[in-house]
Each structure stands twice: as C-alpha cells, then as structure tokens.
1. Exactly one condition in (1) assigned to a helix (DSSP H, G or I); (2) among the hydrophobic types (A, V, I, L, M, F, W, C); (3) out of contact with any strand residue (DSSP E or B) (no Cβ under 8 Å at 6 or more places or on another chain) is false for residue 45; which is it?
2. Which residue is nearest to residue 71 (Cα to Cα), if the candidates are limited to segment 18-56 and must be surrounded by fewer than 16 Cβ atoms within 10 Å (Cβ to Cβ), hydrophobic (A, V, I, L, M, F, W, C) and within 11 Å of the chain's Cα centre (by Cα)?
3. Tell me, which residue of segment 30-40 that is out of contact with any strand residue (DSSP E or B) (no Cβ under 7 Å at 6 or more places or on another chain) and at pLDDT 80 or above is farthest from residue 16 (Cα to Cα)?
4. Exactly one condition in (1) in contact (Cβ under 8 Å) with a residue 40 or more places away in the chain; (2) at positive phi is not met by residue 9; state its number.
5. Yes or no: residue 2 part of a loop (DSSP other than H, G, I, E, B) and of a type in the set (Val, Ile, Thr)?
6. Within segment 10-17, is even one residue over 14 Å from the mean Cα position of the chain (by Cα), farther than 14 Å from residue 65 by Cα and part of a loop (DSSP other than H, G, I, E, B)?
Amino acid sequence: MVPKVGLEFETEEDAYKFYKTYAKKAGYGIRRNRVFVCACEGHRVSDKRDDVVKQQRPETRFSCKAKLGVFS
C-alpha cells in the first residue's frame with residue numbers, strides 16, 4: 001500500500017507500523033514527531049559543546065518533506 005489522504009487505521013501504532021514499513025521499502029527511515037516524519041527531516045540544532053568536539057558527526061538531515069499525519 002501507498003500512503004494517501006484519507007487512509008484510516010485502528011490505532012496510532014498501526015499507522016506507525018504501516019508508515020515504517022512503507023518508508024523502509026521506499027529507502028528511508030522515519031522518526032516520531034507531532035507527525036511521523038522522514039529521519040532526514042529538519043536540521044540538527046547547534047550544540048553549546050560544538051567548540052570542544054574534536055570531530056563533528058556528518059550532517060544527516062536535509063529537510064526531507066516526507067511525512068504522515070495522524071488525526072483522530
């Protein structure tokens with residue numbers, strides 16, 4: 001199945017499992033926010049410890065717009 005407007009689920013957990021499976025097949029991961037979003041949504045916030053870190057981790061977020069809203 002492909003996500004579309006009007007798709008209904010019994011529980012929020014069912015919606016999460018569906019979208020997690022879909023995202024895996026589509027080649028991306030997800031995380032929970034107010035809605036389920038691609039793991040690459042947004043940007044990492046700056047950290048006050050950034051100046052003492054010897055080697056920064058690479059940026060993995062690039063404002064991906066894939067998401068699934070769950071409304072009751």
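1. For residue 45, the failing item is (1).
2. 35
3. 40
4. (2)
5. Yes.
6. Checked segment 10-17: at least one residue is over 14 Å from the mean Cα position of the chain (by Cα), farther than 14 Å from residue 65 by Cα and part of a loop (DSSP other than H, G, I, E, B).
The values are calculated or read from the model by the stated rules, or taken from the named source; none is laboratory data. The structure displayed is predicted, hence computed values, not measured ones. With ideal geometry, Cβ positions are generated from the backbone for all residues, glycine too; neighbour counts draw on all protein chains shown.
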